[in-house]
């Protein structure tokens, strides 16, 4: 009888753990993952037109990330802790600027901050859809690149993001094969402009 009671208590507690509110899952996700790696797929919609892309990402908090687009074109975005680098392979063009000025201007930068979401955005729960708990994040400062961000979590893992920028673009990201705290070589977060590439620097 005692064993049965313990089993029933455990069963009753399982949904509470699995269905934890999104903000609590965000806190657990950030606290439990100093480094991250994942695959991502992205769909950007503007005025009825959609563009799709996919690739891989790596993050080392705080402030370091590697966002590598592989389809349909090759583009690399690297945050080395001090500067943001964007390399368009087809155009042989590199743009760079101080990372502080870029934080909050890309999904990678948002995720790479140790507490950037909680510090720079007002968070609120928006409920459960399927097996995903969602939160909405509204920027505290008007100069932020995004009007709104939604983040979806399952079992303390980030599985989706939706971002609306100041130009009306809606970017939907889904993540798969996410690994928490993998060993990532420091070289992955360094960028040296390829020989012959045009480099444009903002400061």
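Where a number appears in this text, it was derived from the coordinates with a stated rule and is not lab data. Just so we're clear, the structure is a prediction, and the values are computed from it rather than from any experiment. Neighbour counts run over all protein chains shown; Cβ positions are idealised from the backbone, glycine included.
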Item checked: From 191, 167, residue being surrounded by 13 or more Cβ atoms within 10 Å (Cβ to Cβ) and not in a strand (DSSP E or B) -> 191
Item checked: Selection count where residues are closer than 15 Å to residue 110 by Cα and surrounded by fewer than 16 Cβ atoms within 10 Å (Cβ to Cβ), scope region 148-164 -> 2
Notebook entry, point to check: Just wondering, is there one or more residues in region 103-117 that are in contact with a strand residue (DSSP E or B) (Cβ under 9 Å, 6 or more places away or on another chain) and in a strand (DSSP E or B)?
Noted result: no
